[in-house]
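A quick write-up on the structure given underneath.
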Amino acid sequence: MNGLFSPYFQKQLKIAFEIIDNYSFNEPFHIHLKKKFQQNKNWGSKDRKNYRNICYTILRNYPLLKDLDTENRIKTFQNIADGELKFKAFDELTPYIDPSIKLEVLNQSFNQIAPVFFVPYSKSQSFEILDLSKLNGYVGRLIDTDSFIFDGSSNLDPFVTEKLGYIQDFSSTAAIERISEYCNDAVVWDACCASGGKSLSVLKFSKPKRHYCSDIRPEIIKNLINRFRLSPYELPNTFVLDARNSMNQDVEFDNQKNLIIADLPCSGSGNWRRNPENRWTFNESTLVKYQELQRSIFSSLYSKLPIGGYLYYMTCSIFHAENQGNIKHLQAKHAGLKVEFQEYVGGEIDCKSTGIFSDYIFGCLVQKTQ
């Protein structure tokens, strides 16, 4: 995008900056933006798309732009759009970031609009019925997780409503595939289930004996139920639960194989590119708050797990304190806690198109041995 912006685009750019200037960082930005769209019903779909793209570019490079006057904002934004200037959002956070994660890759992924990953329910659907490679926005295919990559503007809702597959980032799908052998013929409890993507992947890659899903948020359970109705799978046993509550009696464990999946509340630093405003509100006290919450939830769930069972500790964080640091703390606290493996999934994806990134997921599988 060389040369000066058109007058029309400069007008949109000024409006986008006004949207950002009126944002107080006290709610997710997409909610703030939705309110602006509702207040300006004369903006067409193309305008809304432009404003969304501009605003998120501003948010990803917020420190470079926030204190400039209008003229210098436009010039700086153009340098960003031309690729001549990018803010390295994670450089200042290196003391917190796990050293196994490449900082350069992390900064690159932050500046990319997240692609859409479509996971077909069966290979026969993906390879025989659907020719997804001919769709607009198609980027590539990942054989291992049987998923397809599309650019971030792609609308795959029609395929979801036709019960052909589901949307889930590659890293989440790969993390669940990693533990599929522990799910087969086991009691599986997805204890912080959110809207159910991980549990859909459990059923894609394995056949549990019994399957439970719980979350503290009733509306999230409703979303999970609706999502499962658009799948070929039987609805799991669902219930609302604060996972810190040690009195739960809803899960009937097995006398042989049991697995609890705990995708814990966290800083979300592994997917800040989706909500870059969270990068600029991060502070160490927030990290400590999440670390303590993760320990509380883990200890409660671990106390419910029968001896010999497994617990899969997950976060979408890249911070050592929420991941390996917490695991060390929990090992010291709980006798008989055996770590099977711990790893990060995500970052740059190995496919024919270079420069494609997924979110970061940390996963640690532990066994309760006594």
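Please treat every number below as a calculation from the coordinates, not as lab data. Everything numeric in this text was worked out from a predicted model, so none of it was measured. Here Cβ is always computed from backbone atoms with ideal geometry, including for glycine, and neighbour counts include all displayed protein chains.
A compact table of results
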item	result
C-alpha long axis of helix 70-81 to longest principal axis of the chain, angle in °	60 degrees
Among 103-109, 175-181, the order from most to least packed when residues are scored by Cβ within 10 Å on average	175-181, 103-109
Global geometry of region 147-287, whether rounded, prolate or oblate, following the gyration tensor of its Cα atoms and the 1.5 cut on a/c	oblate
Centroid-to-centroid separation of region 206-260 and region 129-169 [C-alpha atoms, Å]	26 Å
Tilt relative to the chain, helix 7-21 - C-alpha long axis, 0 to 90 degrees, to 10	50 degrees
Ratio Rg/Rh [Cα only; Rh per Kirkwood] for the chain	0.98
Other-chain or far-sequence residues with amide H under 5 Å of K102's (modelled H)	none
Pairs beyond 21 Å (Cα-Cα), from K35/K163; K207/K257; K14/K41; K36/K86	K35/K163; K36/K86
Amide H partners (placed H, <5 Å) of Y23, local residues excluded	none
Residue exposure sequence - D250, D169 - by fewest surrounding Cβ within 10 Å	D250, D169
Degrees between helix 45-60 axis and first principal axis of the chain (Cα, 0 to 90, nearest 10)	80 degrees
Rounded, prolate or oblate (a/c below 1.5 giving rounded, otherwise prolate when a/b exceeds b/c) for region 296-370 by Cα gyration tensor	prolate
Distant-in-sequence amide H partners of I260 (H built 1.01 Å from N, under 5 Å)	W189, Y310, L311, Y312
In Hz, Karplus ³J(HN,Hα) per residue of region 109-118 (6.51, -1.76, 1.60; θ = phi - 60°; x = Gly, Pro)	5, 4, 8, 9, 5, 4, x, 9, 10, 10
Aspartates and glutamates with Cα under 15 Å of K88, excluding same-chain neighbours fewer than 8 positions away	E104, E277
Rounded, prolate or oblate (a/c below 1.5 giving rounded, otherwise prolate when a/b exceeds b/c) for region 221-312 by Cα gyration tensor	oblate
For the chain, Cys with no neighbouring Cys Cβ under 4.7 Å	C55, C183, C192, C266, C316, C351, C364
